[in-house]
């Protein structure tokens, strides 16, 4: 089974796509660049701002038109747009074969694999979609800031940090794949750990990651940096 994956939006969406690709490859799928050679298209959508919504909808409509040229073709939609507007999408575009949000990657892999008659494995190792020398490390998901102008909490949910040991293990796996740079990403990297440990633990996370040989850290740090993080940046990470 050949699949064309289209990823729209931010690096956090790209990491989700890497996990989907890893799981479906483990299930026996092959990914191709040319949609005309594919049996199915998966669109990982963005729904953050109006232009992103329009791009996602246009991409879905193009995939539906591609599907009409062969009865065997399938179209699956996941990501932020379908997380927030899934019911509306299936009502307005019934040609979509499956709509999934962005909070259940294992379910996405299992259900798409089932529909495509593949082995139903859970999400496996990430299949990197970035150039070989760098990768994104998603340290948290969601957001705790109820800003009136922003839909992220409604799309991605409340802030959820990944445990330090889990992130260190993921960094080791990426280093084993010859990744040289890790770019730390989250909706708010400076809030890391507060939900999980009762206090912000970004400095401790950086300290744990900094001692992994062969890895250079790039932090996508939003808002202010406290003195502890700055000290690590200069003294431990060499910036």
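The values are calculated or read from the model by the stated rules, or taken from the named source; none is laboratory data. Everything numeric here is computed off the predicted structure, so don't read it as measured data. Glycine gets a Cβ as well: all are built from the backbone with ideal geometry, and neighbour counts include every protein chain shown.
Being within 19 Å of the chain's Cα centre (by Cα) and either at negative phi or in the same structural domain as residue 105 (by TED's automatic domain parsing) (or both): is that true of residue 67 here?
When the stated conditions are applied, residue 67 does not pass them.
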Inset, instruction - Evaluate the following for residue 135: is it on the phi < 0 side of the Ramachandran plot and part of a helix (DSSP H, G or I)? - result: no
Legend entry - In segment 146-188, residue nearest to the chain's Cα centre (by Cα) [restricted to those that are over 21 Å from residue 205 (Cβ atoms) and outside any helix (DSSP H, G or I)]: 151
Legend entry - Options 42, 6: the member that is modelled with pLDDT of 95 or more, more than 18 Å from residue 107 (Cα to Cα) and touching a strand residue (DSSP E or B) at 6+ places or on another chain (Cβ under 6 Å): 6
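Among the listed residues 108, 155, 185, identify the single one that is assigned by TED's automatic domain parsing to the domain that holds residue 97, under 30 Å from residue 40 (Cβ atoms), touching a residue at least 60 places away in the same chain (Cβ under 8 Å) and crowded, with 16+ Cβ neighbours inside 10 Å.
From the options 108, 155, 185, the qualifying one is 108.
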Inset, instruction - Evaluate the following for residue 119: is it in contact with a strand residue (DSSP E or B) (Cβ under 9 Å, 6 or more places away or on another chain) and either in a loop (DSSP other than H, G, I, E, B) or modelled with pLDDT of 95 or more (or both)? - result: no
Legend entry - Among (1) within 22 Å of residue 11 (Cβ to Cβ); (2) modelled with pLDDT of 95 or more; (3) more than 16 Å from the chain's Cα centre (by Cα) - the single one residue 50 does not satisfy: (2)
